[in-house]
Amino acid sequence: MTQRLDNRVAVVTGASSGIGRSIVERFLDEGAKVAVFARDAEALRDLAARAPDRVLAVAGDVTVRADLERLVRETTARFGGVDVVVPNAGVAKVVPFADSNEDAIHDQFSVNVVGALQTARLFLPSIRRNGSIVFITTFLVQVGFPGLAIYSASKAAISSATKTLAAELAPQGIRVNAVAPGPIATPIWSKVGLPEDVLGQVAANVTARLFPGAFGAPQSIADAALFLASDEARNIYGQELVVDGGYTVG
């Protein structure tokens, strides 16, 4: 490996599985020290076992302010300043718009918008100059998909915030960008709330539009996050890197 994050400190929420876990593993391979945060304490302990001297595992929920404040305290106590923040924790639910009451909206916005923004905001005083924030959005910001109006809207809010915060935080030496995953083979796909037979048909329809002919691997998102967090992206601000197997151009 090239050790592009050697001796740098990263924070990744939603780190216990899927894209978050892949980002952690990629960052570790590149020499980073990583604070990992998620609700699944056992999965976090498994991650920490990969590199006990470079991983801090903190269990908690991004919708609970006290948990995020504890993450900040423990991270700075263990590693000092922070170089990369990846507010990855997210939730996706297929809910027809007619059924999208206040609770349905709050459930997704509280994690995808409030949780992500508060993670970045609370770490802001700890991010060192030349540091970066890498948000995770979605290709669905660019296309319409029935039943995902609330999820897509929540990610569109983060897409917009990426551009605004890039301009606001650049004078502090902090770059802000985002990765927009397309259809990725992760556990979240099976938790969107569709029956198994419907899920299979949707997956087949989506796959037919993907140039590689298959859902992407979470490692492809980790590679994009690594690039945006590294010095190779030192002149990139407020951009959203779409990694979707060609879905949005097919």
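The values are calculated or read from the model by the stated rules, or taken from the named source; none is laboratory data. Just so it is clear, the model here is predicted, and its values are computed rather than measured. Positions of Cβ are backbone-derived with ideal geometry, glycine not excepted, and every protein chain shown enters the neighbour counts.
In the range 113-132, the residues that are touching a residue at least 24 places away in the same chain (Cβ under 8 Å) reach residues that are of a type in the set (D, E) with C-beta atoms within less than 7 angstrom, at least six apart or across chains, in these pairs: L122/E69; R128/D83; G131/D83.
Consider the range 122-148 and keep the residues that are surrounded by fewer than 18 Cβ atoms within 10 Å (Cβ to Cβ) and under 20 Å from E240 (Cβ atoms). The one that is modelled with the lowest pLDDT is F145. For the range 24-83, the tally of residues that are of a type in the set (F, W, Y) and under 17 Å from the mean Cα position of the chain (by Cα) stands at 2.
Taken together, A116, A92 contain a single residue that is buried (at least 20 other Cβ atoms within 10 Å of the Cβ), under 16 Å from the mean Cα position of the chain (by Cα), closer than 17 Å to E69 by Cα and not charged (D, E, K, R), which is A116.
Of the residues in the range 34-47, at least one is buried (at least 22 other Cβ atoms within 10 Å of the Cβ), out of contact with any helix residue (DSSP H, G or I) (no Cβ under 9 Å at 6 or more places or on another chain) and closer than 29 Å to D107 by Cβ.
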